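Take a look at the structure set out below.
The values are calculated or read from the model by the stated rules, or taken from the named source; none is laboratory data. In this text, all values refer to a predicted model and were calculated from it rather than measured experimentally. Every residue, glycine among them, receives a Cβ derived from its backbone with ideal geometry; neighbour counts consider all protein chains shown.
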């Protein structure tokens, strides 16, 4: 059983004022869980409330909780509602916690996408600063570069801004631009996508300087003029010299929802601020030794210069709350060997993949819906491969939903081989035949162990009206991946399927190295 955790949201305590109404009052929060942000609404049944209410977990194996307590041991004459958030305290069994505390209540979880991760500013603060022509520090994930960039709107940059940027960064000043502007100004990539060996495949174009009003092109004044020229819709390809001292970057359509990088974050922030969608960016260095500044140094820098510091993960959640990345493309009845379902297809606006939702019964109020979010596996789902348990898990999920009479299976395309694709999956199989396990094979191929993103699946579930779910999965990361996208997992339902001699090692590796739970 896993339930969502909160960070950096005011915790609330029940208190009784002079009137007969109950209100929530803010109290300090003990923070200790790095996860996604949620709030909950608790409908208190009639009768005495004389218990502590735990507020749960980080979406992984261990659960943590805080307490929301009644300060007056008083009776509540009729049902009341209040909204609160989580403080983190001691580990406790999720199962006993849910059975003993949550089950008597009716709990409704809400995504609090606008609350920042602890230690960061809100996205709204960052947007306000960008709109005012100020710098913002944008930090990516620790599993990515784990670096912070100074970012501002290209249309607002001044010579003094440029001097500040160069003084505190690597000095490699980039301008993130949409593809339409890159093409309009005839700025080809330095290398094509297939030959790009940069660690994160950042799409550098050839460098440029403005032709008019600049000297060497490298001074703060010259570079700011080049950037303002790039940001102008009146500029033409002939207005720039090639090469130069400014590095344009090609933005990936879909922004941070497609690629969670600084390039996309800078353009998205400028656009959300109502400015031309171009951002200036450069990586911040630690002035003590010239190394890349990490989060503690970035937070010190932000405090010293009174700059907002925002995480790309928070920008992703903020945009997902406000934008739709999928559209419905078709619906029909679909009889299967497990039963008759409503099949509804969705197309991603980001990459064009079509996904499928199989729906049984009425979603109704959207609470406690039995759900399976299933990753595409051609070899297992279609061909019945014995090397994995994908096909048997899909079949078991459909059968359970049919038996329950209410539920959803979301079938996500583009997840073949945990996101590496069919060809690489077959190459990984060859390495497994030579003795590697599924994790070692991916790493030897230079590929991530698991690169799946469940954001599209979460959007589909939200479109169907799902709010809280009993998620059929053995993978705790799938729970956190969905709760981080605005849903709540009230129960993790294990999927135990037959273990064969062909998939035994694969399943054991998932348990031992990937944290999958088979209980």
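When the residues of the stretch 250-276 are filtered to those that are surrounded by fewer than 24 Cβ atoms within 10 Å (Cβ to Cβ) and touching a strand residue (DSSP E or B) at 6+ places or on another chain (Cβ under 8 Å), which remaining residue is nearest to residue 313 (Cα to Cα)? Steps first, please.
Step one: filter the stretch 250-276 for residues surrounded by fewer than 24 Cβ atoms within 10 Å (Cβ to Cβ), giving 250, 252-254, 257-260, 271-276.
If we keep only those that are touching a strand residue (DSSP E or B) at 6+ places or on another chain (Cβ under 8 Å) too, we end up with 250, 273, 275-276.
On the way: 250: 21, 273: 18, 275: 22, 276: 23 Å.
The residue in question is 273.
Condition test on residue 408, is it in contact with a strand residue (DSSP E or B) (Cβ under 9 Å, 6 or more places away or on another chain) and in a loop (DSSP other than H, G, I, E, B)?
Numbers: in contact with a strand residue (DSSP E or B) (Cβ under 9 Å, 6 or more places away or on another chain): yes; in a loop (DSSP other than H, G, I, E, B): no.
The answer is no for residue 408.
Could you please give the count of residues in the stretch 384-405 that are assigned to a loop (DSSP other than H, G, I, E, B) and surrounded by 15 or more Cβ atoms within 10 Å (Cβ to Cβ)? Spell out the reasoning first.
Step one: filter the stretch 384-405 for residues assigned to a loop (DSSP other than H, G, I, E, B), giving 384-389, 405.
Next cut, surrounded by 15 or more Cβ atoms within 10 Å (Cβ to Cβ) only: 385-389.
Matching residues across the stretch 384-405 total 5.
Return yes when residue 212 is assigned to a loop (DSSP other than H, G, I, E, B) and in the same structural domain as residue 149 (by TED's automatic domain parsing) and no when it is not. Spell out how you get there, then give the answer.
Details: assigned to a loop (DSSP other than H, G, I, E, B): yes; in the same structural domain as residue 149 (by TED's automatic domain parsing): yes.
So residue 212 passes the test.
Can you tell me which condition residue 159 does not meet? The list is (1) outside the structural domain of residue 232 (by TED's automatic domain parsing); (2) modelled with pLDDT of 95 or more, and all the others hold.
Going through the list (1) outside the structural domain of residue 232 (by TED's automatic domain parsing); (2) modelled with pLDDT of 95 or more, residue 159 breaks only (1).
Checking the structure you have, find out if any residue of the stretch 354-372 is closer than 24 Å to residue 487 by Cβ, surrounded by fewer than 16 Cβ atoms within 10 Å (Cβ to Cβ), modelled with pLDDT of 95 or more and under 28 Å from the mean Cα position of the chain (by Cα).
yes
Just to confirm my filter: which strands (runs of 3 or more DSSP E) fall fully inside the stretch 235-328 and include at least 3 residues that are modelled with pLDDT of 95 or more?
240-250, 278-283
Does residue 514 count as touching a residue at least 60 places away in the same chain (Cβ under 8 Å) and surrounded by 23 or more Cβ atoms within 10 Å (Cβ to Cβ)?
Values: touching a residue at least 60 places away in the same chain (Cβ under 8 Å): yes; surrounded by 23 or more Cβ atoms within 10 Å (Cβ to Cβ): no.
Here the answer is no, as residue 514 does not meet what is asked.
Answer yes or no as to whether residue 482 is in contact (Cβ under 8 Å) with a residue 12 or more places away in the chain, surrounded by fewer than 21 Cβ atoms within 10 Å (Cβ to Cβ) and in contact with a helix residue (DSSP H, G or I) (Cβ under 8 Å, 6 or more places away or on another chain).
Values: in contact (Cβ under 8 Å) with a residue 12 or more places away in the chain: yes; surrounded by fewer than 21 Cβ atoms within 10 Å (Cβ to Cβ): no; in contact with a helix residue (DSSP H, G or I) (Cβ under 8 Å, 6 or more places away or on another chain): yes.
For residue 482, the condition - in contact (Cβ under 8 Å) with a residue 12 or more places away in the chain, surrounded by fewer than 21 Cβ atoms within 10 Å (Cβ to Cβ) and in contact with a helix residue (DSSP H, G or I) (Cβ under 8 Å, 6 or more places away or on another chain) - is not met.
Among the residues of the stretch 145-177, write down those that are within 19 Å of residue 287 (Cβ to Cβ), assigned to a helix (DSSP H, G or I) and touching a strand residue (DSSP E or B) at 6+ places or on another chain (Cβ under 7 Å).
Within the stretch 145-177, 161, 165, 168 qualify.
I'd like to check something: does the stretch 383-394 contain any residue that is in contact with a strand residue (DSSP E or B) (Cβ under 8 Å, 6 or more places away or on another chain), over 16 Å from residue 356 (Cα atoms), assigned by TED's automatic domain parsing to the domain that holds residue 497 and touching a residue at least 60 places away in the same chain (Cβ under 8 Å)?
Yes, there is a match, as at least one residue in the stretch 383-394 is in contact with a strand residue (DSSP E or B) (Cβ under 8 Å, 6 or more places away or on another chain), over 16 Å from residue 356 (Cα atoms), assigned by TED's automatic domain parsing to the domain that holds residue 497 and touching a residue at least 60 places away in the same chain (Cβ under 8 Å).
Being outside any helix (DSSP H, G or I) and surrounded by 15 or more Cβ atoms within 10 Å (Cβ to Cβ) is the filter; apply it to the stretch 178-189 and report the residue that is modelled with the lowest pLDDT. First the steps, then the outcome.
Our first condition is that a residue be outside any helix (DSSP H, G or I); within the stretch 178-189, this holds for 178, 185-189.
Then drop every residue that is not surrounded by 15 or more Cβ atoms within 10 Å (Cβ to Cβ), which leaves 178, 185, 187, 189.
Details: 178: 96, 185: 97, 187: 95, 189: 91.
Only one residue fits best here, namely 189.
Under 6 Å between Cβ atoms, which residue pairs at least 6 apart in sequence (or on different chains) link something in the stretch 495-511 that is buried (at least 18 other Cβ atoms within 10 Å of the Cβ) with a partner that is modelled with pLDDT under 90?
Filtered contacts from the stretch 495-511: 507/499; 510/516.
Every residue in the stretch 431-461 that is at pLDDT 90 or above and under 18 Å from the mean Cα position of the chain (by Cα), please.
The answer is 457, 460, 461.
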